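Below is one structure, written out as C-alpha cells; comments come after it.
The values are calculated or read from the model by the stated rules, or taken from the named source; none is laboratory data. Remember, predicted model here, so these are calculated numbers, not experimental data. Cβ atoms come from the backbone with ideal geometry, glycine included; neighbour counts cover every protein chain shown.
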C-alpha cells in the first residue's frame with residue numbers, strides 16, 4: 001500500500017513538472033566540462049562523423065542541414081521540426097528531466113534561455129570557442145545568450161522592432177505615420193472614428209509585446225544576478241507605457257483579436273488592423289500568412305516614447321543551444337556554429353530569416369534588398385537601424401515562460417474588465433515574486 | 001388525421017364528436033412544428049461545418065482571408081491544395097496517413113478481435129469471477145481515456161515504449177465499451193441451444209466458435225469495429241503525450257502541428273493545407289461509415305423484437 005502511495009506521489013510530481021514545463025533540476029554534471037575544446041577536436045569529430053538530432057522549427061534550417069551534410073558527408077543531421085512554442089519546451093523539459101531522448105541541438109527563444117541555463121540544462125559553449133564570436137553579433141541577441149563569460153547558445157535570428165503599417169488604410173483616411181507613441185494614440189482615435197470597424201492594432205494581452213514595449217520605453221523590470229532577482233514594474237519607463245496603452249484600452253481603440261489566430265491574419269489582410277509593432281522577422285509571416293494584402297503594407301521605425309529618441313527593442317528571436325545531456329557535443333557545436341555564424345547565415349538570409357550578425361546587417365546587399373511585399377521598399381535599412389539602437393541591458397526572468405503563462409490572468413484583466421493596466425502589472429509582479437520565491441530564488445524588494 | 005376518427009367504434013353521435021381528433025397512431029407519427037424546427041437546427045449545426053470544410057478546401061491562403069467563409073473564392077485551388085498537402089515537407093502527410101492506418105489497423109482491429117473473443121466467452125461460458133469481470137468492464141466504460149492517458153504515459157515511459165508506435169497501439173487495444181457491446185450482442189444473437197447442438201455433434205470449442213458463433217456475430221463485430229476505428233482514427237491526446245518523433249505522428253497530431261506553424265516566427269502559414277488535410281482525413285471515415293452502415297443497422301435491431 002505504501003509503495004503505491006509513493007509511486008502515485010512520484011507520478012504527481014512528474015506530472016506537475018510536465019504541466020509547468022519547468023525543470024526542477026537539470027540533473028547534469030556540466031561543471032566538469034569546462035576544459036577547452038580545440039578547433040582540431042571539433043574537426044576530428046566532423047571527420048569521424050555521426051548522427052545529431054536537432055529540434056528546431058525555423059524553416060530555413062532545412063536547407064542549412066542539407067548543405068552541412070553535403071560538406072561533412074559522414075555527419076547525419078536529423079532535423080525534427082513539427083513542434084513549436086509551448087509543445088517544444090514541454091518536450092524539451094521532459095526529456096531533460098527524464099535524462100532520455102534529449103536532442104543534440106535545440107532551438108530556444110531568447111526569453112526561454114534563462115530557464116534552461118540556470119537549471120544547468122544547457123552546455124556552456126565558451127570552451128568550444130563561442131566566446132570568441134561575441135563581436136560578430138548585435139548587442140541585443142548576444143546579451144540574451146551570454147551570462148558573464150558563459151555562452152549558452154548562438155544567436156540564430158533577432159527581432160529588432162519596427163512599426164509595420166497598412167499604407168493603403170493610412171492614405172485613405174489621410175493619417176500621417178506616427179513617429180511618437182502620442183501621435184500613435186491620435187492616429188488610433190482618428191482611424192477608429194473614420195471607420196468604426198478599423199483599429200490601429202490588435203491586442204488582447206500579449207506578454208511578449210508588453211515586455212518589448214517596456215524594454216523600448218526604458219523600463220527594466222527584471223534584475224537577474226544568479227539566483228537573486230528583482231522584479232519591479234514601478235519605474236519611469238513603465239509609466240510611459242501605461243499612460244499610452246491605458247488610453248488605447250479605455251477608449252476601445254484596440255481590436256479585440258488575439259495575435260497569430262486566423263482572425264488576426266484576416267484582420268491584417270482586410271485593413272481592419274492597420275499597424276503592427278513587432279520584430280523584423282515579420283515580413284516572412286506577412287508573405288505567407290497575408291498574401292492578399294501584398295503591396296499595401298510598409299515598414300517604418302518604431303514610434304518613440306520621447307520625441308527624437310531612437311531607442312528600440314527586440315521582439316522574439318531565437319538561438320540554437322546544446323543541451324547538457326547532448327550525446328555528441330562536438331558535432332552539435334559544429335552544426336550550431338555553421339548555421340548561426342558560418343556559411344549557414346547567408347543561406348538563411350536568402351530564405352527570408354532576419355540575421356543577428358553585424359556583418360550581414362551592415363552589408364550593402366542586405367540593406368538594399370527590395371521587398372516585393374512592401375512594394376519595393378528597402379525595409380532592411382529600417383530594421384538594421386533598429387537593431388543598432390536596441391538597448392543591451394534588458395534581461396528576462398529565469399522563469400519567463402512561466403511568467404508569460406500567467407500574464408493573461410493578471411495584466412490580461414485590464415483588457416477585458418475595468419482593472420487598470422498599472423494594477424494588472426502590479427498583480428503580475430506579485431504573482432511572479434511569489435512563484436520565484438517558491439522556486440527558491442531570492443527576491444530583492 | 002381523420003383515420004382515427006372513423007376507426008373508432010361509434011355507438012351514438014355524441015361520443016363520436018367527443019372522440020379526440022388528433023389521436024396518435026403508431027403508423028403515423030404526430031407532426032410537431034417544434035420538433036421539426038429543432039431537427040432542422042441540428043442538421044444545420046452538424047452539416048454546416050462539413051460544408052464549410054468542403055468549400056474552403058478549394059481556396060488558396062489568400063482566398064481564405066478575403067472571401068466569405070460559406071462561399072467559393074474566385075480561384076478554385078482544390079487540386080493544387082491536395083497536391084501540396086501530399087508534397088509539403090517531403091510528403092510527410094502521406095506518412096502520417098500510413099501511420100494512422102497502421103494504428104487503426106492494429107489498434108482498432110486488435111481491439112475488435114479482443115472484444116469479440118472476450119464478449120463471447122463472457123456471454124456463453126460460466127466460470128468463477130464472471131460477475132467481478134462484469135463489474136470491472138462496466139466501471140471501465142465510465143472512465144474516459146483522457147483520464148488514463150497520463151498514468152499510461154508514466155507506465156509506458158518506465159517500460160521504454162514511449163515514442164514508439166506501440167505506445168499508441170497497445171492502449172488502443174483496450175475497448176471496454178466494445179467488450180460490453182459484444183457481450184450483450186453474443187448473449188442475444190447466439191442461441192445456447194445451437195452451441196449445445198454443435199457440441200453434441202462433436203465439434204470442438206474452436207470450431208464451434210469459428211463456424212457457428214462467428215457468422216451470427218457479424219453485425220455486432222462490424223458495429224464494434226466501426227466504433228473502435230472512429231475512436232482510434234480521431235485519437236489526439238494519447239499520441240500527443242506518447243509521441244515525440246513527427247515521423248510517427250498520426251494525422252490528428254500532424255494537422256495540429258501544421259496549424260500551429262502559423263503561430264511561429266518565420267513559420268509557413270498554411271491554413272489552406274490544414275483545411276484540405278482535414279477534409280482528406282475525414283474522407284476515409286465517411287467511406288467506412290457508408291460502406292459498413294448496412295451491417296451496422298441490421299445489428300442494431302437485434303433483440304428489439306420479442307420472438
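Just checking, which of B:280, B:214 is more than 29 Å from residue A:266 (Cβ to Cβ) and either within 14 Å of chain A (Cβ to nearest Cβ) or part of a helix (DSSP H, G or I) (or both)? The match here is B:214. When you scan region B:223-238, do you find a residue that is part of a helix (DSSP H, G or I), farther than 30 Å from residue A:317 by Cβ and within 14 Å of another protein chain (Cβ to nearest Cβ), even just one? Yes; the residues of region B:223-238 include at least one that is part of a helix (DSSP H, G or I), farther than 30 Å from residue A:317 by Cβ and within 14 Å of another protein chain (Cβ to nearest Cβ).
Quick one: is residue A:258 without any contact (Cβ under 8 Å) to a residue 60 or more places away in the chain, within 26 Å of residue B:258 (Cα to Cα) and not in a helix (DSSP H, G or I)?
In short, yes.
Tallying residues that are under 30 Å from residue A:168 (Cα atoms) and either free of Cβ contacts under 8 Å to residues at least 40 places away in the same chain or part of a helix (DSSP H, G or I) (or both) within region A:363-392 yields 18.
Restricting attention to region B:154-175, which residues are part of a helix (DSSP H, G or I) and farther than 24 Å from residue B:101 by Cβ? Matches in region B:154-175: B:154, B:155, B:157, B:158, B:159.
Of A:76, A:62, all but one fail to be in a helix (DSSP H, G or I) and over 27 Å from residue A:389 (Cβ atoms); the exception is A:62. Within region B:235-247, does at least one residue satisfy the condition of being surrounded by fewer than 16 Cβ atoms within 10 Å (Cβ to Cβ), within 30 Å of residue A:354 (Cα to Cα) and in contact with a helix residue (DSSP H, G or I) (Cβ under 8 Å, 6 or more places away or on another chain)? Scanning region B:235-247 turns up at least one residue that is surrounded by fewer than 16 Cβ atoms within 10 Å (Cβ to Cβ), within 30 Å of residue A:354 (Cα to Cα) and in contact with a helix residue (DSSP H, G or I) (Cβ under 8 Å, 6 or more places away or on another chain). Restricting attention to region A:266-292, the residues that are under 23 Å from residue A:184 (Cα atoms), facing another protein chain (nearest Cβ under 8 Å), surrounded by 21 or more Cβ atoms within 10 Å (Cβ to Cβ) and more than 20 Å from the chain's Cα centre (by Cα) add up to 1. For region A:82-110, a residue qualifies if it is within 25 Å of residue B:268 (Cα to Cα), touching a helix residue (DSSP H, G or I) at 6+ places or on another chain (Cβ under 7 Å), within 12 Å of chain B (Cβ to nearest Cβ) and buried (at least 20 other Cβ atoms within 10 Å of the Cβ), and the qualifying residues are A:82, A:83, A:84, A:110. Only residues that are within 20 Å of residue B:192 (Cβ to Cβ) and touching a helix residue (DSSP H, G or I) at 6+ places or on another chain (Cβ under 8 Å) were counted across region B:90-126, and they come to 7.
State whether the residues of region A:59-67 include one that is surrounded by 18 or more Cβ atoms within 10 Å (Cβ to Cβ), within 13 Å of another protein chain (Cβ to nearest Cβ) and modelled with pLDDT under 90. Scanning region A:59-67 turns up at least one residue that is surrounded by 18 or more Cβ atoms within 10 Å (Cβ to Cβ), within 13 Å of another protein chain (Cβ to nearest Cβ) and modelled with pLDDT under 90.
Per this entry, residue A:76 is not counted among residues that are within 15 Å of residue A:338 (Cβ to Cβ), in contact with a helix residue (DSSP H, G or I) (Cβ under 9 Å, 6 or more places away or on another chain), at the interface with chain B (Cβ under 10 Å from one of its Cβ atoms) and without any contact (Cβ under 8 Å) to a residue 40 or more places away in the chain. Take the conditions (1) in a helix (DSSP H, G or I); (2) closer than 22 Å to residue A:110 by Cα; residue A:352 misses just one of them, which is (1). Candidates in region A:293-319 are the residues that are within 14 Å of another protein chain (Cβ to nearest Cβ) and under 24 Å from the mean Cα position of the chain (by Cα); of these, the one that is nearest to residue A:45 (Cα to Cα) is A:319. Within the set B:128, B:151, the sole residue that is loosely packed, with under 15 Cβ neighbours inside 10 Å, within 14 Å of chain A (Cβ to nearest Cβ) and either assigned to a helix (DSSP H, G or I) or modelled with pLDDT under 95 (or both) turns out to be B:151. Yes or no: region A:424-436 includes at least one residue that is in a helix (DSSP H, G or I) and under 20 Å from residue A:143 (Cβ atoms). Within region A:424-436, not a single residue is in a helix (DSSP H, G or I) and under 20 Å from residue A:143 (Cβ atoms). The set of residues in region B:241-258 being more than 9 Å from chain A (Cβ to nearest Cβ), over 15 Å from residue A:91 (Cβ atoms) and part of a helix (DSSP H, G or I) consists of B:251, B:252, B:255. Restricting region B:262-277 to residues that are facing another protein chain (nearest Cβ under 7 Å), without any contact (Cβ under 8 Å) to a residue 60 or more places away in the chain and in a helix (DSSP H, G or I), the residue that is surrounded by the most Cβ atoms within 10 Å (Cβ to Cβ) is B:262. Determine, yes or no, whether residue A:140 is surrounded by fewer than 24 Cβ atoms within 10 Å (Cβ to Cβ), part of a helix (DSSP H, G or I) and under 21 Å from the mean Cα position of the chain (by Cα). So residue A:140 does not fit the description; no.
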